[in-house]
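Here's the structure we're looking at; comments come further down.
The values are calculated or read from the model by the stated rules, or taken from the named source; none is laboratory data. Predicted model only: the values in this text are computed from it and were never measured. Quick reminder, even Gly has a Cβ in these numbers, built from the backbone with ideal geometry, and neighbours come from all protein chains shown. Protein only, heavy atoms only, side chains kept; ligands, DNA and RNA dropped before computing areas. Shrake-Rupley method; radii C 1.70, N 1.55, O 1.52, S 1.80 Å.
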Amino acid sequence: APEKRPVATTTWVTSETVKRVIYRWHDPSGKHEEWWFDVAQGWNETRVKYNGELPVKKGAWRVEVIDADNGTLLSQADFNVE
């Protein structure tokens, strides 16, 4: 529902270090917002909630997970808000 915030669930391979990543949320108009997030050592899953404007715009969205150190795209997912 447009009133609820989408959540990105990401599975990680356990690491010995903290990993800084960017969650970039692309809305249907082509704009994006991003949040930086530190994945602590030993974590194997994170749940990051979209923290932007409500209501969430209807249409096609994309969330990207990016390595903050080098800009590499680690993962992406497309979803639709009706």
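Please go through the range 54-74 and give me each residue that is assigned to a strand (DSSP E or B) and on the phi < 0 side of the Ramachandran plot, ordered by number. The answer is A60, W61, R62, V63, E64, V65, I66, D67, L73, L74. Looking across the range 22-33, the residues that are in contact (Cβ under 8 Å) with a residue 24 or more places away in the chain and either of a type in the set (D, E) or loosely packed, with under 10 Cβ neighbours inside 10 Å (or both) come down to D27, S29. Applying the criterion of being closer than 17 Å to H26 by Cβ and outside any strand (DSSP E or B) to the residues of the range 42-53, the residue that is nearest to the chain's Cα centre (by Cα) is Y50.
Restricting K58, K19 to those that are basic (K, R) and open to solvent by 80 Å² or more (accessible area, probe 1.4 Å) reduces the list to K58. Looking across the range 1-13 at every residue that is closer than 15 Å to L74 by Cα and of a type in the set (V, I, T), the one that is surrounded by the fewest Cβ atoms within 10 Å (Cβ to Cβ) is identified as V13.
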